[in-house]
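Right, one structure below, let's go through it.
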Amino acid sequence: MKTILISGGGTAGHINPALSIAGYLKKQGWEIHFIGNRASLEERLVIAAGYQFHVINIQKLYRKVTFAHCKFPFKLINSIIKSSLLIKKIKPDFFLGTGGFVSGPAGFAAHLHGIPVFLQEQNSFPGITTKILAKWAKMIFLGNSQAVKYLPENKTSYTGNPINPGFFQKPQPVDMQKLGLSSTTKKIFLVGGSQGSLLLNNTLSPIVDKLLEMGLELIWQTGSYSYTRFQQQFGSRKGIYLFSYTDNIAALYEMSELVIARAGAITLAELEYLRKPAILIPLASAAENHQFYNATELAEKGEAEVIEEKNLTPALLHKILITMLGNIEKYKARFGDTLHQHSAENIAAVINKFYREMV
């Protein structure tokens, strides 16, 4: 049987593309194995999806000086050895890495064993793991075209970012009245990611009254950590729907006129697919500031506006929001076709093509 070893983790932005690609490979007869950290997000999501998961113990390199750095070389060597032993056991035909520090040891071990390495890079500015493994890669699938500037051009293919296939299905209908919203009023959607963003929440909070007075409504994903606080403050207000997390985010996107969000690569792929103008506030602490580069790419296309954290204030957010709403049709018109919808399927097809040529 055709066998592939897949690794990607740390955040859902690395894991979900891997799962999307794995879904298409499974349909085409591949045996799928994942490798990642114990008690990690990737372990939970991969097992929930029904795939085999193998454990290593690797840590990232922290930006600050910390004692944990002393452990890094030992954990790295141990993870490479464990990955090597797994490769000897399952004998994969290929390795696929979708980013995050956890994919480094497995990708390097695959190279040592002569296993062809494929990479999928979501961001405009590639992560350090992708840049290291790129020298041994057969092909690097790019989610953002700008990343080619930092990688060997002869090994790259712009495929768009794999989005969860469930995102393309017709979303479950939303009862707006049940949510305390009107079916005719324009809505602003603030989404801070699966954990929410306290910074975004705190910046929106002072301008809530101004937005409501303008006849706008708010869909507000607070995240679990600060949900209680903002629910107590705003939960009884008409025209606001607060929640911590939802699996039906596509329906909320569709209801919205404008989105306020971080700039994770998969979030931006979803916005481009749905043609939703956005105000993007990149996470300043993201590795190598990759969210800023992601956001800049959409801004250069005229699909979004960017506010860096160092400049973010309620007044500036309000000003840009009002300006964008006044020109919203112009922003919508700037969206073109994207590759995101068929990205996972196309990546799986390329991997299959390499396999046929190899055998």
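Going Cα to Cα from LYS27, which lysines come in below 24 Å? Please leave out same-chain ones fewer than 8 positions away. The qualifying lysines are LYS2, LYS89, LYS91, LYS138, LYS170, LYS353.
Normalised by the number of residues in the stretch 63-164, the average gap of Cα pairs under 8 Å and 6 or more apart makes the relative contact order 20 percent. Only DSSP H runs of four or more residues enter the estimate; each adds -39500 (n - 2.57), and after division by the residues of the chain the mean residue ellipticity at 222 nm equals -12000 deg cm²/dmol. On the principal axes of its alpha-carbon atoms, the chain has extents of 64, 45, 37 Å, going from largest to smallest. Compute the Cα gyration tensor for the stretch 241-359, then decide on rounded, prolate or oblate, letting a ≥ b ≥ c be the square roots of its eigenvalues: rounded whenever a/c is under 1.5, prolate when a/b is larger than b/c in the other cases, and oblate in all that remain. Because a/c hits 1.5 or more and a/b exceeds b/c, the stretch 241-359 counts as prolate. The stretch 111-129 and the stretch 282-359 have their alpha-carbon centroids 21 Å apart.
Looking at the chain, do any whole DSSP H helices span at least 30 angstrom along their long axis by alpha carbon and average -0.5 or above on Kyte-Doolittle, and which?
68-90
Just need the relative contact order of the stretch 168-333 here, percent rounded to a whole number, with Cα pairs under 8 Å and 6+ apart. So the answer I get is 21 percent. Gyration tensor over the Cα atoms of the stretch 168-333: the corresponding equivalent ellipsoid has semi-axes (square roots of 5 times the eigenvalues, largest first) of 22, 18, 17 Å. Net charge of the neighbourhood of THR185, taken over other residues with C-beta under 10 Å away and scored Lys/Arg +1, Asp/Glu -1, is 0. When the chain is modelled as a GNM with alpha-carbon springs shorter than 10 Å, which of THR184, THR98, THR296 fluctuates the most? Its mean-square fluctuation being the largest, the pick is THR184. In the chain, a dipole from Cβ-located charges (positive for Lys and Arg, negative for Asp and Glu) runs towards its positive end, and of VAL174, ALA134, ASN327 it is ALA134 whose Cα lies farthest in that direction.
Which is the longest stretch in the chain that no exposed loop site breaks, taking sites as chymotrypsin sites (Phe, Trp or Tyr not before Pro) with a DSSP loop state and at most 15 other Cβ atoms within 10 Å? With a cap of 15 other Cβ atoms within 10 Å, the longest stretch comes to 68-224. With a 10 Å cut-off between alpha carbons and a GNM built on the chain, which of GLY13, GLY99, GLY336 moves the most? Largest GNM mean-square fluctuation: GLY336. Among GLU297, GLU272, a tally of other beta-carbon atoms within 10 Å of each Cβ gives an order, fewest to most, of GLU297, GLU272. Cα centroids of the stretch 23-45 and the stretch 148-201: 23 Å apart.
Charge dipole (Cα centre; +1 on Lys/Arg Cβ, -1 on Asp/Glu Cβ; no other charges) of the chain amounts to roughly 940 debye. Here the contact order of the chain, divided by its residue count and restricted to Cα pairs under 8 Å and six or more residues apart, works out to 15 percent.
Readers should treat all values here as calculations from the given coordinates under stated rules, not as data from a laboratory. None of these values were measured; they are calculated from a predicted model. All Cβ positions, glycine included, derive from the backbone under ideal geometry; neighbour counts span all protein chains shown.
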